[in-house]
Amino acid sequence: MIAKRLGDIVGAAHVLTEASDTGPYFTDWRRQYSAPAECVVRPASTDEVARVMQLCMAENVAVVPQGGNTGLCGGSVPTGARREVVLALGRMNRIRSLDRLNGTMTVEAGCVLANVQRAADEAGRLFPVSLAAEGSCQIGGNLSTNAGGVNVLRYGTSREQVLGLEVVLPDGRVWNGLRGLRKDNTGYDLKQLFLGAEGTLGIITAAVLRLYPRPTASATAWMALASAEAAVELLAFLSERLGDRLSAFELLSRTCVEAVLAFAPGTQDPLAAAHPWYVLAEIADSGDERALRERVERALEDAAERGAIADAVLAQSVEQARALWRIRETVPEAQFTNVKHDISVPVSKTAAFIARAGRRLAERYPDARAYAFGHVGDGNIHYNVGPESMVAERAGVNRIVYEVVDEFDGSISAEHGLGQLKRDEIRAHKPALEMELMRLLKGALDPKGLMNPGKVI
């Protein structure tokens, strides 16, 4: 039995076989996918990961790499289609080094994202990847899915925060690419193969992350708008007025806000009157906070005079800012069971996408209700369709939404990945040559198909 031999590598206590122990590892966060595997193995070092891979290669057992298991597409759990083990990286949670002068931090894959943020902050630096699950998601999972989050507008996705990687290949060899270099023009950028690959090509065990100067001033604004089109115009206006101080620009429909108010007791509507759309913006800078707030206030006043916003509130304290962000962060849980989409289109087309998709859905499903929210600053909209009864119509709803995405030359997955959920769907949206090239890479690095089978391709 492979569990016994894995125990010889990582210690018997770190190989889980009892149903009461393995259940949380075999079911995804949304409880959409659940399948058994032979066991869960929890290595504590890169060497142990390498030895686990060597054994699984010899035994022809597939490996499902898992971080915090907070993904939304079933990419981190078994399929049950063949012999599999879940390789959970939570014990590999050391921050190996932090170089303030180079602006880098080397961390292991099992580090919780919030702990990485905290370590950077304590060193007077900023690690900008921020998302609702940051208290439980792990950096290896963030990198393997190329997670986005609220700060992509200013800093880019997880992919853009990585200077180097350490990766265990399917045959157990370890590629040490932990170089903290901004410039390295010596051939193929191999780390990019593993970023966003969802563990299908190898296992990320450590990474050199890029750090930034920590802002010393911030302002949080909640703005009401008459339409999604107004949000796109407002983004352009505030970008001109505030430059790259604009870190986050989050769009929320009124349906999303109502869902949060009903779901989370004690949550308060930020404004006295209801409006069709809202934007939550974060502005950050170095220097004096009062000067930044005055600059933001002037920008909001000018936006109001131009008719770009109907109303607005600027948080007056850290607690008020957190309360505003809590509304945004609670949206996914507040409308948990519906048909979810994580799409991207050009920023200038986000409002047109929302309008066109809404019309098409209403024609086919008169009872459908859209919950549109997300990172309009980078064109990534989470376009969810309720009520719960619409789940039975998932295939038809997806077809309509994805057809509109294609009409705008967009992507059916902006930041959540493909996993099991979109593995088959992607074939209809990527050119055949792209799929062929992806399969060639998969075959070259993982010829036996052991790495996270049934995901991505």
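The values are calculated or read from the model by the stated rules, or taken from the named source; none is laboratory data. None of the values given here were measured: they were computed from a predicted structure. Neighbour counts are summed over all protein chains in view; Cβ atoms, including those assigned to glycine, are modelled from backbone coordinates with ideal geometry.
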| remark: Taking region 138-174 and keeping only residues that are free of Cβ contacts under 8 Å to residues at least 40 places away in the same chain and either closer than 18 Å to residue 247 by Cα or part of a helix (DSSP H, G or I) (or both), one is left with 156, 158, 159
| request: Could you run through region 440-457 and say how many residues are basic (Lys, Arg) and over 24 Å from the mean Cα position of the chain (by Cα)? | output: 1
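Could you list, in sequence order, the residues of region 192-211 that are closer than 14 Å to residue 441 by Cα and touching a Gly at 6+ places or on another chain (Cβ under 6 Å)? Give the steps one after another, and end with the answer.
Taking region 192-211 as the starting set, the residues that turn out to be closer than 14 Å to residue 441 by Cα are 192-202.
Correct list: 194, 198.
Can you tell which of 349, 448, 430 is touching a residue at least 60 places away in the same chain (Cβ under 8 Å) and farther than 29 Å from residue 171 by Cα? Write out each step before concluding.
Details: 448 fails: farther than 29 Å from residue 171 by Cα; 430 fails: touching a residue at least 60 places away in the same chain (Cβ under 8 Å).
It is 349.
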| Can you tell me how many residues in region 45-67 are crowded, with 17+ Cβ neighbours inside 10 Å, farther than 29 Å from residue 340 by Cα and touching a helix residue (DSSP H, G or I) at 6+ places or on another chain (Cβ under 7 Å)? | 5
| query | Within region 403-417, can you find the residues that are without any contact (Cβ under 8 Å) to a residue 60 or more places away in the chain and not acidic (Asp, Glu)? | reply | 404
| Inside region 243-353, counting only helices (runs of 4 or more DSSP H) that do not spill past its ends, which hold 2 or more residues that are more than 23 Å from residue 382 (Cβ to Cβ) and either of a type outside the set (Lys, Arg) or not assigned by TED's automatic domain parsing to the domain that holds residue 152 (or both)? | 289-305, 318-334
| remark: Considering region 342-359, residues that are in contact with a strand residue (DSSP E or B) (Cβ under 9 Å, 6 or more places away or on another chain) and β-branched (Val, Ile, Thr), and then whichever is nearest to residue 230 (Cα to Cα), we arrive at 350
| Some residue of region 214-221 being at negative phi, at pLDDT 95 or above and part of a helix (DSSP H, G or I) | no
| request: Identify, by number, the condition in (1) on the phi > 0 side of the Ramachandran plot; (2) surrounded by 17 or more Cβ atoms within 10 Å (Cβ to Cβ) that residue 409 doesn't meet. | output: (2)
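Residue-wise test of (1) buried (at least 17 other Cβ atoms within 10 Å of the Cβ); (2) in contact with a helix residue (DSSP H, G or I) (Cβ under 8 Å, 6 or more places away or on another chain); (3) farther than 19 Å from residue 456 by Cα.
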residue: 103; (1), (2), (3): yes, no, yes
residue: 129; (1), (2), (3): yes, yes, yes
residue: 196; (1), (2), (3): yes, yes, no
residue: 200; (1), (2), (3): yes, yes, no
| In region 248-301, residue nearest to residue 214 (Cα to Cα) [restricted to those that are out of contact with any helix residue (DSSP H, G or I) (no Cβ under 7 Å at 6 or more places or on another chain) and polar (S, T, N, Q)] | 286
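Looking for something surrounded by 23 or more Cβ atoms within 10 Å (Cβ to Cβ) and either part of a loop (DSSP other than H, G, I, E, B) or free of Cβ contacts under 8 Å to residues at least 40 places away in the same chain (or both) - is there at least one such residue anywhere in region 175-190?
no
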| query | If we keep just the residues of region 62-79 that are within 12 Å of the chain's Cα centre (by Cα) and either over 20 Å from residue 93 (Cα atoms) or among the β-branched types (Val, Ile, Thr) (or both), which is modelled with the lowest pLDDT? | reply | 72
| note | The lone condition residue 426 fails out of (1) of a type in the set (Val, Ile, Thr); (2) under 30 Å from residue 230 (Cα atoms); (3) at pLDDT 95 or above; (4) in contact with a Ser or Thr (Cβ under 8 Å, 6 or more places away or on another chain) is (2)
| With (1) assigned to a helix (DSSP H, G or I); (2) touching a residue at least 12 places away in the same chain (Cβ under 8 Å); (3) closer than 18 Å to residue 347 by Cα as the list, and residue 240 as the residue in question, which single condition is left unmet? | (2)
| query | Somewhere in region 68-76, is a residue surrounded by 22 or more Cβ atoms within 10 Å (Cβ to Cβ), within 19 Å of residue 155 (Cα to Cα) and in contact with a Phe, Trp or Tyr (Cβ under 8 Å, 6 or more places away or on another chain)? | reply | no
| remark: Taking region 354-366 and the residues there that are without any contact (Cβ under 8 Å) to a residue 24 or more places away in the chain and assigned to a helix (DSSP H, G or I), the one that is farthest from residue 250 (Cα to Cα) would be 363
| said: residue 301 - would you say it is over 29 Å from residue 369 (Cβ atoms), free of Cβ contacts under 8 Å to residues at least 12 places away in the same chain and surrounded by 12 or more Cβ atoms within 10 Å (Cβ to Cβ)? | reply: yes
